[in-house]
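Asks: Can you read through this structure? Questions will come right after.
The values are calculated or read from the model by the stated rules, or taken from the named source; none is laboratory data. This structure is a prediction, so every number in the text was calculated from the model and none was measured. Cβ sites come from the backbone with ideal geometry, for glycine too, and all protein chains shown count toward neighbours.
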Amino acid sequence: MNTNKKMRAIGLKQYGSLDGFAPIELSLPEPRKGEVRVRVHASAINPADYKVALGELKFVHARNFPMILGYDFSGVIEALGEGSEWNIGDAVFGFLPYAPSNARGAFAEALIAKTNEITLKPTGVSHIQAAVAATPALTALQAIRDIGKLPHSGGRVLVTGISGGVGSTAIGVILKLQAVPVGVGSGRGIELAKKLGATKVIDRQHQDVFKSSEGNFDVIFDAAAAYRWSQWKASLRSGGKYVTTFPSVPLFLDKLKSLIATTGVGFVGVKSRQADLQLLGKWLESGLTISIDSTFAVRDVAKGIEKLHRGDILGRVAVDVINGF
Ligand SMILES: NC(=O)c1ccc[n+]([C@@H]2O[C@H](COP(=O)([O-])OP(=O)(O)OC[C@H]3O[C@@H](n4cnc5c(N)ncnc54)[C@H](OP(=O)(O)O)[C@@H]3O)[C@@H](O)[C@H]2O)c1
């Protein structure tokens, strides 16, 4: 059904620069079977936004222009596709797929989400808190629990990139998984990681990270994707695993070498699994806090993307969509 209704969005006209984001008007999308339309209240910025905009990671988003970026979202369902079990008015959150099929960015007044890629937002949690949590918490959870195969409780996990969105969020996720977090980071991230519950934090700019960690980790989660398994393998217990967030040729080579080693190598490619989002909703309700660096109105999303790209952040960069056009 074409209602001729319009929505506002922030679109990108071409790859190659972070200057190209501009307000645009588009037809309001109609949900099909297995989909809902969400009125977006809040979103968040991820490195994928600038990597896609700069043309470095084209494959994680549909390649049609104007391109609407933005993956994380929290909002309210306003239209249902055929047979949907959701209700209009349900407050939900999640993230859009990091996949070539994704033409549904969250830097827009409304988006289409799959019914099995959302979950209810807990009432006591703000749309901003839910939106900033989605990608980094599920990335950490899937990296540490599923790829890293963390034992049920009491394991030791080392996490890098603690000033950033994934690394800072991972500390709370590790604690929720009943494990002991040790951080690797720099600058203001060191105090943040301690505040979030890291039992030990290694200053990567002033300490030898490989010698200072005391080793015997069940999982080394390289959220920053700044290291290699070959550098960390002596710090893993036998059967432990190094997990990174970025696929690369060195990762592939390390994976081959690890076939004859007692420790493993893995890569996390985050998936929007409803059961994991439900678990995250419970954790947010029971006190998992996500550190927010700053919040930008969606009309200024380019400034937030530039800030994240500069690395000038401590935690997550949130986007106010509902009040931000
Ligand atoms: N595969 C997936 O499913 C998935 C999902 C989400 C994100 N990612 C990727 O994961 C990475 C981290 O995401 P994010 O949102 O946390 O990014 P971010 O917010 O930009 O944080 C990155 C952090 O990495 C650390 N870092 C930067 N340069 C470093 C270096 N040379 N050596 C060591 N650490 C360095 C910094 O923290 P310190 O200064 O404290 O070390 C920085 O804050 C990005 O590459 C992103 O694209 C992948």
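Asks: Quick one: how many residues across segment 35-75 are away from the ligand (no atom under 16 Å from the Cβ) and out of contact with any strand residue (DSSP E or B) (no Cβ under 6 Å at 6 or more places or on another chain)?
Replies: 4
Asks: Let me ask something else. Of the conditions (1) touching a residue at least 40 places away in the same chain (Cβ under 8 Å); (2) of a type in the set (A, V, I, L, M); (3) surrounded by 22 or more Cβ atoms within 10 Å (Cβ to Cβ), Ala62 satisfies every one except a single condition; which number is it?
Replies: (3)
Asks: Can you name every residue in segment 207-224 that is under 13 Å from Gly185 (Cα atoms) and without any contact (Cβ under 8 Å) to a residue 12 or more places away in the chain?
Replies: Selection gives Gln207, Asp208, Ser212.
Asks: Let me ask something else. Kindly provide the set of residues from segment 80-99 that are assigned to a strand (DSSP E or B) and not aromatic (Phe, Trp, Tyr), ordered by number. Can you show your working first?
Replies: Within segment 80-99, the first condition is being assigned to a strand (DSSP E or B), and the residues that meet it are 80, 91-95.
Selection gives Leu80, Ala91, Val92, Gly94.
Asks: Output the number of the condition that Leu280 fails; it satisfies all remaining conditions of (1) out of contact with any Gly (no Cβ under 6 Å at 6 or more places or on another chain); (2) in a loop (DSSP other than H, G, I, E, B); (3) in contact (Cβ under 8 Å) with a residue 40 or more places away in the chain; (4) not aromatic (Phe, Trp, Tyr).
Replies: Status for Leu280: all satisfied but (2).
Asks: Just to be sure I understand, how many residues within segment 200-229 are away from the ligand (no atom under 16 Å from the Cβ) and buried (at least 19 other Cβ atoms within 10 Å of the Cβ)?
Replies: Summing the residues that are away from the ligand (no atom under 16 Å from the Cβ) and buried (at least 19 other Cβ atoms within 10 Å of the Cβ) in segment 200-229 gives 2.
Asks: Here's another thing I want to ask about it. Where residues in segment 245-277 are assigned to a helix (DSSP H, G or I) and touching a Leu at 6+ places or on another chain (Cβ under 9 Å), which of them is nearest to Ile118 (Cα to Cα)? Give the derivation first.
Replies: Kept after step one, since they are assigned to a helix (DSSP H, G or I), are these residues of segment 245-277: 249-258, 274-277.
Retained after the next criterion (residues that are touching a Leu at 6+ places or on another chain (Cβ under 9 Å)): 276-277.
Working: Asp276: 10, Leu277: 7 Å.
Among them, the one singled out is Leu277.
Asks: Another question, then. In this structure, does Val132 turn out to be within 25 Å of Gly164 (Cα to Cα), more than 16 Å from the ligand (Cβ to nearest atom) and not acidic (Asp, Glu)?
Replies: In short, no.
Asks: Another question, if that's okay. Going by what's in this entry, would Ala170 be described as farther than 20 Å from Val265 by Cα, of a type in the set (A, V, I, L, M, F, W, C) and not in a loop (DSSP other than H, G, I, E, B)?
Replies: No.
Asks: Suppose we filter segment 146-168 for residues that are within 13 Å of the ligand (Cβ to nearest atom) and small (Gly, Ala, Ser); how many remain? Write out each step before concluding.
Replies: First, the residues of segment 146-168 that are within 13 Å of the ligand (Cβ to nearest atom): 146-147, 158-168.
In the following step, the residues that additionally are small (Gly, Ala, Ser) were identified as 161, 163-165, 167-168.
Result for segment 146-168: 6.
Asks: Right, next: So which residues in segment 169-181 are within 18 Å of Glu285 (Cα to Cα) and within 14 Å of the ligand (Cβ to nearest atom)?
Replies: Residues satisfying the conditions are Thr169, Ala170, Ile171, Gly172, Val173.
One line per residue, one yes/no per condition, for (1) hydroxyl-bearing (Ser, Thr, Tyr); (2) within 16 Å of the ligand (Cβ to nearest atom):
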{"residue": "Gln231", "(1), (2)": "no, yes"}
{"residue": "Ser235", "(1), (2)": "yes, yes"}
{"residue": "Lys241", "(1), (2)": "no, yes"}
{"residue": "Phe246", "(1), (2)": "no, yes"}
{"residue": "Leu256", "(1), (2)": "no, no"}
{"residue": "Val265", "(1), (2)": "no, yes"}
{"residue": "His309", "(1), (2)": "no, yes"}
{"residue": "Leu314", "(1), (2)": "no, yes"}
{"residue": "Val319", "(1), (2)": "no, yes"}
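Asks: Sticking with this one: Restricting the search to segment 283-323, which residues are assigned by TED's automatic domain parsing to the domain that holds Gly105, under 22 Å from Ile144 (Cα atoms) and part of a helix (DSSP H, G or I)?
Replies: Those that are assigned by TED's automatic domain parsing to the domain that holds Gly105, under 22 Å from Ile144 (Cα atoms) and part of a helix (DSSP H, G or I): none in segment 283-323.
Asks: Residue check: is Ala143 within 16 Å of the ligand (Cβ to nearest atom), within 17 Å of the chain's Cα centre (by Cα) and over 30 Å from Gly239 (Cβ atoms)?
Replies: Answer is no for this residue.
Asks: I would also like to ask the following. With the requirement that a residue be within 6 Å of the ligand (Cβ to nearest atom) and assigned to a helix (DSSP H, G or I), what does segment 182-197 give you?
Replies: Across segment 182-197, the qualifying residue is only Gly189.
Asks: Right, another one. Among the residues of segment 305-321, which ones are over 16 Å from Ile68 (Cα atoms) and in contact with a strand residue (DSSP E or B) (Cβ under 7 Å, 6 or more places away or on another chain)? Show your work before the answer.
Replies: Pass one, segment 305-321, residues over 16 Å from Ile68 (Cα atoms): 306-318.
Answer for segment 305-321, where residues must be over 16 Å from Ile68 (Cα atoms) and in contact with a strand residue (DSSP E or B) (Cβ under 7 Å, 6 or more places away or on another chain): Lys307, Leu308, Ile313, Leu314, Gly315, Arg316, Val317, Ala318.
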